[in-house]
Amino acid sequence: MRVERSLQRKLCVDGSLMKEFVLSEPISEDFADYLRNFGEVKIMTLHGKPFLSFEKPHFISVKGIVGEDTVEVRYAAGVHDLTADLFHLLLFHYSSGKEIGKMKEIEAAMWRMIRVKLGI
Amino acid sequence: MAGDPQRIVYMNNAATTWPKPPQVIDEVARSLSMPFFEEGRSTLAGQRNYPGETRDLLANTFNAGPAEHFIFTQNATDSLNMAIHGFLHHIGEPCHAITTELEHNAVLRPLRTLEREGRISLSIIPFDERGSIGLDAVKDAIRDDTRLMVMTHGSNVLGTVQDISRIGEHLKANGIFFIVDGAQTAGQIPVDLGSIPLDVFAFTGHKALFGIPGIGGFFIRDPSQVDPVRQGGTGANSGYPYQEEEMPSRFEAGTHNYPGIASLNAGIRFLEGRGIRNVENETMQMTRTLLSKLQSEGSIVIDNEHPDLPIISFNVVGIEPDQVGFILARIYGIICRTGLHCAPLVHQRINGGRGSVRLSLSCLNTPEECEQVSDALGEVARGAG
């Protein structure tokens, strides 16, 4: 699973950066389960469609519909440069055998830099 | 769901109306089927003078004239920039200006830019609990050096229409130049510029006047009070080295947006056929019905309980506005607007800058669509609760 193309990018009012991506395949429940290793995943089924939200404070949030291939990824304010690759890496490591340990290391390294940058 | 025009429920009309009436689309196509009638250039039999005809329509619709005092621009933002910068260039010295918390960035950003450059000092009047700007607040803000007030006629977040007649009377009595942003009201409610004491009324074509994006304009009472901030070709008097003084050439340099003007022409005629008062009544009836249904959902918090315009701003408890917008679009095919709607100061007051979900209707929405929207939002609200 990978990003096929980027549809739009927008700087949001809270300073976060939104990017809309088309993925190479639809989001699956399996991918949602993988994301649970790295943040809070909520699925709300409305009108028969499962709306997925993934929240990882200070990093990124993701919105999408399970079964569809378009997602909106929002990169937290002030640290876009540090988290720019996170969603792509999540897709890559999910596709590479749902690898968790390496992804956790990357996440920890990002977190150290985020804390320094945000002074938290 | 996405991408199928038959199934889209479009409620982002305060940004841009959609769909456009068929006669608007036909008129744009017709305008492109012949060489454009360009004043001062060679013409052919059968060509239509869209700028001239449309100026006449505008003068009739807004009950103001002469028609040449209606100027074509790109949109309301363009009109406001031309009027604000042109007026301040004309007076040529720093002054005090007044605006309000209800404003769109089309007003706030030009004024803030001028403030940063030291060309004006700026007072921003708060709105009251009903979302209105009171005359007393305006009176309180006026200083000896106040020369300009710029304010919206209708809030694009709260949907409240302001009493610009009373405010205008007071400003006129005090010699203060009054620029009104009519982006949300032009075409949506009857606007009688013949009786409202204002100096400039800025409007856009792509909202309730049903034109296409890229066409707007303004009415100016006394052109001599605003300097032209653009200079260029007008098709006439080409040997003269400066911008012409005659109207409308004083403010219209360069080639017109002919397809845009044609769309505005057809949009106004569409409204004339239905009657703007009827359009207002029909749209507000749908808005009130939808509002009432949303109010009955316990976890939907309405920001504007009594709009005068077909605008409903709200939040759903437990879910961010952008998530609501995403769900409405992707699951239900409902197009709305989320965020600050380019009016940041309003949101600071009503919800600390969190933003809102905004539904905005046009007369081409239907009661059935309102049902769909209220049903969808009921599901979202219950799902998030």
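Yes/no matrix, rows are residues, columns are (1) in contact with a strand residue (DSSP E or B) (Cβ under 7 Å, 6 or more places away or on another chain); (2) farther than 29 Å from B:Y332 by Cα:
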residue: A:R36; (1), (2): no, no
residue: A:F51; (1), (2): yes, no
residue: A:K63; (1), (2): yes, no
residue: A:K104; (1), (2): no, yes
residue: A:I120; (1), (2): no, yes
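Within region A:45-83, if we keep just the residues that are touching a Lys or Arg at 6+ places or on another chain (Cβ under 9 Å) and of a type in the set (G, A, S), the residue that is farthest from A:I120 (Cα to Cα) turns out to be A:G67. Checking each residue in region B:102-117 for being assigned to a loop (DSSP other than H, G, I, E, B) and in contact (Cβ under 8 Å) with a residue 60 or more places away in the chain picks out B:L102, B:E103, B:H104.
Name the residue, out of A:E105, A:E55, that is surrounded by 15 or more Cβ atoms within 10 Å (Cβ to Cβ), over 17 Å from A:P26 (Cα atoms) and among the acidic types (D, E). Before you say what the answer is, go through the steps one by one.
Values: A:E105 fails: surrounded by 15 or more Cβ atoms within 10 Å (Cβ to Cβ).
After ruling out the rest, the residue left standing is A:E55.
Against the definition (touching a residue at least 60 places away in the same chain (Cβ under 8 Å), surrounded by 14 or more Cβ atoms within 10 Å (Cβ to Cβ), within 12 Å of the chain's Cα centre (by Cα) and closer than 30 Å to A:V116 by Cα), how does A:Y34 come out, yes or no?
On the way: touching a residue at least 60 places away in the same chain (Cβ under 8 Å): yes; surrounded by 14 or more Cβ atoms within 10 Å (Cβ to Cβ): yes; within 12 Å of the chain's Cα centre (by Cα): yes; closer than 30 Å to A:V116 by Cα: yes.
The answer is yes for A:Y34.
Taken over region A:55-83, residues that are more than 13 Å from chain B (Cβ to nearest Cβ) and touching a Phe, Trp or Tyr at 6+ places or on another chain (Cβ under 7 Å) amount to 4. Restricting attention to region B:341-376, and to residues there that are aliphatic (A, V, I, L, M) and out of contact with any Asp or Glu (no Cβ under 7 Å at 6 or more places or on another chain), which single residue is nearest to B:N315 (Cα to Cα)? Ranking the candidates gives B:V357 first.
Scanning region A:99-120 for residues that are outside any loop (DSSP other than H, G, I, E, B) and of a type in the set (D, E) turns up A:E105, A:E107. Any residue at all in region B:264-282 that's under 17 Å from B:L57 (Cβ atoms), without any contact (Cβ under 8 Å) to a residue 12 or more places away in the chain and among the small types (G, A, S)? Checked against the condition, which is being under 17 Å from B:L57 (Cβ atoms), without any contact (Cβ under 8 Å) to a residue 12 or more places away in the chain and among the small types (G, A, S), region B:264-282 yields at least one hit. Could you list all residues from region A:20-36 that are within 13 Å of chain B (Cβ to nearest Cβ) and closer than 14 Å to A:Y75 by Cβ? Of everything in region A:20-36, just one residue is within 13 Å of chain B (Cβ to nearest Cβ) and closer than 14 Å to A:Y75 by Cβ, namely A:E20.
Among residues belonging to region A:37-48 that are within 14 Å of another protein chain (Cβ to nearest Cβ) and surrounded by fewer than 17 Cβ atoms within 10 Å (Cβ to Cβ), point out the one that is nearest to A:T83 (Cα to Cα).
Let us first name the residues in region A:37-48 that are within 14 Å of another protein chain (Cβ to nearest Cβ), namely A:40-48.
If we keep only those that are surrounded by fewer than 17 Cβ atoms within 10 Å (Cβ to Cβ) as well, we get A:40, A:42-43, A:45, A:47-48.
Numbers: A:E40: 17, A:K42: 21, A:I43: 24, A:T45: 29, A:H47: 33, A:G48: 33 Å.
Of everything passing the filter in region A:37-48, A:E40 is nearest to A:T83 (Cα to Cα).
Would you mind finding the one in B:I84, B:I164, B:I176 that is at pLDDT 95 or above, closer than 23 Å to B:P223 by Cβ and touching a Pro at 6+ places or on another chain (Cβ under 8 Å)? That would be B:I84, the only listed residue that is at pLDDT 95 or above, closer than 23 Å to B:P223 by Cβ and touching a Pro at 6+ places or on another chain (Cβ under 8 Å). At least 1 residues being out of contact with any Pro (no Cβ under 9 Å at 6 or more places or on another chain), under 29 Å from B:Q348 (Cβ atoms) and of a type in the set (G, A, S) is the threshold, and among the strands (runs of 3 or more DSSP E) wholly inside region A:1-98 those reaching it are A:49-56, A:60-65. Against the criterion of being crowded, with 24+ Cβ neighbours inside 10 Å, more than 18 Å from B:E272 (Cβ to Cβ), out of contact with any Cys (no Cβ under 9 Å at 6 or more places or on another chain) and touching a residue at least 60 places away in the same chain (Cβ under 8 Å), B:V200 qualifies. Within region B:87-109, being buried (at least 21 other Cβ atoms within 10 Å of the Cβ) and within 18 Å of B:V226 (Cβ to Cβ) holds for B:F87, B:L88, B:A97, B:I98, B:T99, B:A106, B:V107. Taking the criterion of being of a type in the set (V, I, T) and farther than 26 Å from B:V191 by Cα, the residues of region B:303-348 that qualify are B:V316, B:V317, B:I319, B:V324, B:I327, B:I331, B:I334, B:I335, B:T338.
Are there any strands (runs of 3 or more DSSP E) wholly within region B:298-385 with 1 or more residues that are within 14 Å of another protein chain (Cβ to nearest Cβ), and if so which?
B:311-316, B:337-339, B:356-360
With a cut-off of at least 1 residues that are farther than 27 Å from B:P190 by Cβ, name the helices (runs of 4 or more DSSP H) lying wholly within region B:1-91. Walk me through it before giving the result.
Working: elements: B:22-32, B:50-61, B:76-91.
Of the helices (runs of 4 or more DSSP H) lying wholly inside region B:1-91, those with at least 1 residues that are farther than 27 Å from B:P190 by Cβ span B:22-32, B:76-91.
Considering only residues that are closer than 16 Å to B:I350 by Cβ and in contact (Cβ under 8 Å) with a residue 24 or more places away in the chain, look in region B:295-308 and name the one that is surrounded by the fewest Cβ atoms within 10 Å (Cβ to Cβ). In this case the residue turns out to be B:H306.
The values are calculated or read from the model by the stated rules, or taken from the named source; none is laboratory data. Remember, it's a predicted structure, so these values are computed and weren't measured experimentally. Reconstructed Cβ throughout: ideal geometry from the backbone, glycine too, with neighbour counts over all protein chains shown.
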